[in-house]
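Scroll down for the structure; my scribbles are underneath it.
What follows draws every value from the coordinates through simple rules; no lab data is involved. All figures in this text were calculated on a predicted structure; none of them were measured in a lab. Note that each Cβ is placed from the backbone with ideal geometry, even for glycine, and that neighbours are counted across all protein chains shown.
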Amino acid sequence: MYVFQCEDSIDGIFTGVYDAWESRLGHKNIQLSSSQGGTFLLFSEYIPVSVNYEKSRKVGRTLITRLGAPFYETICKCAMADGSCRKLPMDKANAIYQAIVMALALPAGAKVLEYLGEPCIACIFELCRQTQNEGHHLLEFLRFAELANGILFSKVHPKNYVLPILAEHFSNRLPLENFIIYDEPHSAAAVHKASKPYFITDANFSEDAFTEGYSPNESQFQALWRRFFETIAVEERINRKLQIQNIPKRFWADTVELRDQ
């Protein structure tokens with residue numbers, strides 16, 4: 001068995017798909033792994049894969065051209081998920097590779113994503129849903145703060161790499177605003193300039209890099225919002241369990257009205 005070890009990212013996994021396909025070692029003899037370390041398989045040859053953006057773009061173009069944009073988006077959301085499939089002992093990179101091989105080989109093409117009886121498809125379905133669910137949560141309560149220079153800034157701590165989902169939504173929702181969404185766990189930021197397309201870049205901001213530079217009115221607006229949140233609450237009907245269910249507690253540090261609870 002040949003195991004291609006790739007970086008846990010969309011570009012890393014797509015590069016692994018490219019190298020594995022080009023190796024001509026036979027799809028049944030190949031596995032992809034995006035996990036670092038772990039248990040090594042006996043009698044297997046491990047091949048390291050370095051990220052190559054041109055190879056990644058080629059794989060992306062092939063998926064869109066031959067299998068369609070929805071298939072490509074599903075594969076990307078699976079690659080953005082945190083870790084491997086929980087219900088099935090399968091690495092997400094290997095699930096993606098197997099699904100692509102199956103889709104390109106069968107007349108059904110992109111419809112293979114409906115074959116939930118296949119372990120690789122079941123894994124992709126689970127991880128894609130995991131990414132979409134967290135992205136939906138953050139779209140509902142992500143909070144922007146106005147900096148002294150007028151830029152809107154938000155810091156989030158997602159488990160999955162949902163920054164592209166957030167950036168796409170808010171660039172359409174706020175096309176005339178300058179904003180930054182900082183994903184601290186993944187050291188990345190989505191930067192949007194008014195009336196321009198957004199872009200995602202590596203970032204590593206210090207804890208107080210922006211909070212010390214709020215606009216004069218930002219603290220007042222935050223205080224007003226917290227007061228409004230407390231005022232409309234009916235004390236006898238406060239349900240902490242339901243609140244945690246709707247907004248997981250790990251997100252509270254990024255939510256103005258729940259930060260100090």
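Here are some residues: ASP82, ASP91, ASP11. Which one is in contact (Cβ under 8 Å) with a residue 40 or more places away in the chain, of a type in the set (Asp, Glu) and surrounded by 21 or more Cβ atoms within 10 Å (Cβ to Cβ)?
ASP91
Select the strands (runs of 3 or more DSSP E) contained entirely in segment 177-254, then report the ones holding at least 3 residues which are surrounded by 14 or more Cβ atoms within 10 Å (Cβ to Cβ) and among the aliphatic types (A, V, I, L, M).
Details: elements: 179-183, 188-192, 199-202.
Hits in segment 177-254: 188-192.
Could you tell me how many of the residues in segment 134-193 are under 20 Å from MET80 (Cβ atoms), touching a residue at least 24 places away in the same chain (Cβ under 8 Å) and polar (S, T, N, Q)?
Residues in segment 134-193 being under 20 Å from MET80 (Cβ atoms), touching a residue at least 24 places away in the same chain (Cβ under 8 Å) and polar (S, T, N, Q): 3 in total.
Counting only residues that are within 16 Å of the chain's Cα centre (by Cα) and assigned to a helix (DSSP H, G or I), which one in segment 141-164 is farthest from TRP252 (Cα to Cα)?
PRO164
Please work out which one of (1) buried (at least 19 other Cβ atoms within 10 Å of the Cβ); (2) within 24 Å of ARG66 (Cβ to Cβ); (3) among the small types (Gly, Ala, Ser); (4) under 22 Å from the mean Cα position of the chain (by Cα) is the condition ALA122 fails and give its number.
Result: ALA122 passes all but (1).
Counting only residues that are surrounded by 14 or more Cβ atoms within 10 Å (Cβ to Cβ) and polar (S, T, N, Q), which one in segment 128-157 is farthest from ALA93 (Cα to Cα)?
That would be SER154.
Being of a type outside the set (Ser, Thr, Tyr), part of a loop (DSSP other than H, G, I, E, B) and within 30 Å of VAL162 (Cα to Cα) is the filter here, so list the residues in segment 1-44 that pass it.
CYS6, GLU7, ASP8, GLN36, GLY37, GLY38, PHE40
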